[in-house]
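Asker: Quick one: this structure, given as structure tokens, is what I'll be asking you about.
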Amino acid sequence: MKVNIQPKEGLLFNAFLVMFVIHVTQTGVGLAGLPRIVYLEAEHDGWISVLLAGVLTGIILWVMFLLLREYDSADLYGIQVDLFGKLFGRMLGVIYMVYLSSVFFDICMNYVEIVQAWIFSDMPTWVLSGVIISLAVYASLSGIRMVVGFSFISFIMTFWLVLVIISPLKYSDPTHLFPFMNTGIKNIASGIYKTSFSIIGFELLLFVYPYIQEKKKALLYAELGNLYTTILFTVVTVVCIIFFAGESLKRTIWPVLSLFKIVRLPNLERFEFIAVSFWLLIILPNLVTYLWAASKGFTRLFNIKQSKGIYIIAGVAWLGNFFIKARYQMNLVTDYIGVAGFFLAICYPAILFPIVVIKKKLRKRRQQDEEMG
Amino acid sequence: MRKWVKNITIVFVSMNLIFLAGCLQQRPLEKLGLITAAGFDLSKKNNILGTVVYQQFDPLQKNVTKKIMEQAKTSKGLRQDENLQTSHKLVSGQMRIVIYSKKLAQRGIIQLIDTLNRDPTIGNMLYVTISDGKAVDLLTKNNIGKGSNLGTFLYNLIKQNVEGEQLISPTLHEFNHSFYDVGKDPVLPVLKLRHGDIVISSVALFKNDRLVDELKPDKLFFLKVLVDSYKAGSQEIPLNAKEFKPLIIKTAGHREREFHDRIYMTIDNINSSHKIKVLDKDKLRFRVQVKLKSRILEMTEHTGNRPCRLWQ
């Protein structure tokens, strides 16, 4: 297989769309529960964890970009094969594929649970996940341009939900944020670690990179997308901390959705139902992009058609729903995926980068030696 | 081949959308009883007596509200037993107000509040109130017209007073907030049946989830100044007349009279803010600083225009 992909001219997309891809894939089902998760770790300083996690992500994005810049137009699958050889590189590629598919599965599962808890308590899991997964399959079958375009549309359609956060501010108590920074660095650090499940999604840059038109600008736009995500996550966490009393935030599983409970429009009394339904539009581009990136592995590593890969992953994910029933199992799966995300999305690129640099230098030296000899 | 697969996908998705839409439990409005108010009483040992006021949409009749009473151990158990008494399925999505009797509130109500919190069909802006006497009597023995909806009436009674800054807002969210927050306890209004009318008689003070004391409405002003902030409220204040002796112009009234030992004054457009500081952590002493701006609307005595300090 080739390390670099040379996509046709028509498949490339504008660099500024990377902004939406990064932001939208980061914002997903994790955001709904994020304030509680960080509050459990870092109490009222949870928002600092979220902010620092965003900064960390920004740094990792920069490292990723440096890594990708070493090649002309390669994705992670190609880079791994180039670095570790065919067998080992492929194995690592498969690990990453499994990770991407399980994130796909987890997002879908968590959203189904939200819908069941909030709106349709009697809706069977397989029905809803079947509908969502077939939508994701349909979108990702159409290729990269569709995937990227869908992120853009989804951003435009859901971005107004942010404004709704203003109305809970009336009922908030800013003193909850004080005393400032007294929970200790250890707790804040574990808050950062726990944020990783919510903030992952930026690693998809490693897969969409070959399809970006002006590759030099990609970093700027990716960072902008990440900046917006960071600001959004931090603001949402702050609002949740000042809106809920500490103990009740610990008991509220989806604080962001509970925030919407307070919103009351003249002829729409229960806004949270709208919010939960709109959440589908927020998570769908996540699903689509993950599915696309995971199935890309089939083409890149095994020369199987991508559409087949999409069907296989979607089928397995749908069947997986039958095995996970109870809430504690979901928590377990989500926790594992969070850990995997922390290592594979945040740590792995940082490890990969020095290896790439060393390898490049070695190769150069060898070439020079050959020329000399 | 590829196109064929794509078409199958499209057909599959649209089939999903069309056929699965009917798979869920349906809830036609005509077959529902929308609970607008619920009351809870303590009866016997371990039993709670629940009363619900619900509204049904009957095309033939207009605005039908009905009341049901039932006894059970838990509030969701009540719902099941209540359903046995009605032809309409009772749902709680439109619940506006819950009333707990004073006796129940003295024993603690957090279990009953908790089930409200966990039920996603119940909104967060539901009013939580206490009844002086039994909640059943309050809901069934009043003579508020049969045509009008009792739940909406009670809701508006509270809402109007909260907006007029006469009450501290008693929504479910605020109850939770004060209950779970550090250094704060809930405050709820008390409803009372007076000659067949429902009135707000006082304000209940809680310690955690137990009712411990009551505050008459005229004292509520001081509580609200400390807990909340005024934006445009009004209040009648009694003042000691002796301190104003030099200011009072006896002859300015319509008739000459001796002034009483009390002067009453009503102020409006109150704008207040407060600061509470801890002076002593061990003995728990606080310094409370209240800033209050307002204008005098009415006074029982005439005074001169000289500036003066009202409170020391």
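Asker: Quick check for me: using +1 on Lys/Arg Cβ and -1 on Asp/Glu Cβ, what's the dipole size of chain A about its Cα centre, in debye to the nearest 20?
Answerer: Values: 31 positive and 22 negative charges, 171 e Å.
Dipole of chain A, to the nearest 20 debye: 820 debye.
Asker: Among residues other than A:A218 whose Cβ falls under 15 Å from its Cβ, what is the net charge (Lys/Arg +1, Asp/Glu -1)?
Answerer: Charge balance in the 15 Å sphere: -2.
Asker: Given points 7 Å out from each Cα along the Cα-Cβ axis, report the B:E236 to B:K216 separation in nanometres with one decimal.
Answerer: 1.1 nm
Asker: Now for a different question. In a Gaussian network model over chain A where Cα atoms closer than 10 Å are linked, find which of A:I119, A:I200, A:I107 has the largest mean-square fluctuation.
Answerer: With Cα springs under 10 Å in chain A, the top fluctuation among A:I119, A:I200, A:I107 is at A:I119.
Asker: If you don't mind, another one. What is the local net charge at B:S43, summed over the other residues whose Cβ is closer than 13 Å to its Cβ (Lys, Arg +1; Asp, Glu -1)? Don't jump to the answer; show the numbers that get you there.
Answerer: Working: positive: B:K44, B:K45, B:K73, B:K103, B:R107, B:K134; negative: B:D41, B:E70, B:D137.
Summing Lys and Arg as +1 and Asp and Glu as -1 gives +3.
Asker: Let me ask another. Would you grab the residues whose amide H sits under 5 Å from the one on A:A15? Only those 5+ places off in sequence or on another chain, please, with H modelled 1.01 Å from N.
Answerer: Correct list: A:Q213, A:E214.
Asker: How high is the FRET efficiency between B:T266 and B:E243 when r is their beta carbon distance and R₀ equals 22 Å, given to the nearest 0.05?
Answerer: Details: r = 18 Å, r/R0 = 0.83.
So, using R0 = 22 Å, E works out to roughly 0.75.
Asker: Still on this structure, I have one more. With each label point set 7 Å from Cα along the Cα-Cβ vector, what nm distance links A:M330 and A:L87?
Answerer: Label-label distance for A:M330 and A:L87, simple model: 4.3 nm.
Asker: What percent of all Cα-Cα pairs in the stretch B:91-206 falls in each 10 Å bin, counting up from 0?
Answerer: 13, 47, 34, 5, 0
Asker: On each of the three principal axes of the Cα atoms of chain B, give max minus min coordinate, whole Å, ordered largest first.
Answerer: Principal-axis extents of the Cα atoms in chain B, largest first: 98, 54, 45 Å.
Asker: Tell me, what HN-Hα J-couplings in whole Hz come from the Karplus equation 6.51 cos²θ - 1.76 cosθ + 1.60 at θ = phi - 60° for each residue of the stretch A:36-52, using x for Gly and Pro?
Answerer: In residue order, the calculated couplings are 5, 4, 6, 5, 4, 8, 10, 6, 6, 8, x, 5, 5, 4, 5, 4, 5 Hz.
Asker: Rank these for me by crowding, B:W4, A:W318, A:W279, going from fewest to most other beta carbons within 10 Å.
Answerer: Starting with the residue having the fewest Cβ neighbours, the order is B:W4, A:W318, A:W279.
Asker: Skipping prolines and chain starts, which residues have an amide H placed within reach, meaning under 5 Å, of the one on B:E301, given they are 5 or more residues away or on another chain?
Answerer: Answer set, sorted by chain and number: B:Y264.
Asker: Per-residue counts of other Cβ atoms within 10 Å, averaged by peptide: what ranking do you get for B:101-107, B:283-289, A:185-191, B:174-180, highest first?
Answerer: Per-residue Cβ counts within 10 Å, averaged per peptide and sorted highest first, yield B:174-180, B:101-107, A:185-191, B:283-289.
Asker: Find out how many positive minus negative residues lie around A:M19, taking Lys and Arg as positive, Asp and Glu as negative, among other residues whose Cβ is under 12 Å from that of A:M19. List each step's numbers first, then the result.
Answerer: Values: positive: A:K217; negative: A:E223.
Cβ neighbours under 12 Å give a net charge of 0.
Asker: Tell me whether the stretch A:226-269 comes out rounded, prolate or oblate; compute the Cα gyration tensor, take square roots of the eigenvalues as a ≥ b ≥ c, and use a/c under 1.5 as the rounded threshold.
Answerer: In terms of gyration-tensor shape, oblate.
Asker: For the stretch B:270-276, take each phi angle, set θ = phi - 60°, evaluate the Karplus expression 6.51 cos²θ - 1.76 cosθ + 1.60, and give the result in whole Hz per residue in order, putting x for glycine and proline.
Answerer: Values per residue, Gly and Pro as x: 5, 10, 10, 8, 9, 9, 10 Hz.
Asker: Still on this structure, please answer the following. Treating the angle as unsigned and between 0 and 90°, give the value, to the nearest 10°, between the Cα long axis of helix A:306-320 and the longest Cα principal axis of chain A.
Answerer: 40 degrees
Asker: Let me ask another. Could you give each residue of the stretch A:321-334 its phi-based ³J(HN,Hα) in whole Hz, using Karplus coefficients 6.51, -1.76, 1.60 with θ = phi - 60°, and x for Gly or Pro?
Answerer: Using θ = phi - 60°, the values come out as 4, 6, 8, 10, 10, 8, 4, 5, 5, 4, 4, 4, 4, 4 Hz.
Asker: Just to check, using Stokes-Einstein with a Kirkwood Rh over alpha carbon pairs, what's the diffusion coefficient of the protein assembly as shown at 4 °C and 1.567 mPa s in µm²/s? Let's see the in-between values first.
Answerer: Details: Rh = 29.3 Å.
Taking Rh from Cα pairs, D becomes 44 µm²/s.
Asker: Could you work out the Kirkwood radius for the stretch A:12-363, taking every pair of different alpha carbons, averaging 1/r and inverting it, reported in Å?
Answerer: Mean inverse Cα-Cα distance, inverted, gives 20.7 Å.
Where a number appears in this text, it was derived from the coordinates with a stated rule and is not lab data. Bear in mind that the values here come from a model prediction, so they are computed numbers and not experimental data. All Cβ positions, glycine included, derive from the backbone under ideal geometry; neighbour counts span all protein chains shown.
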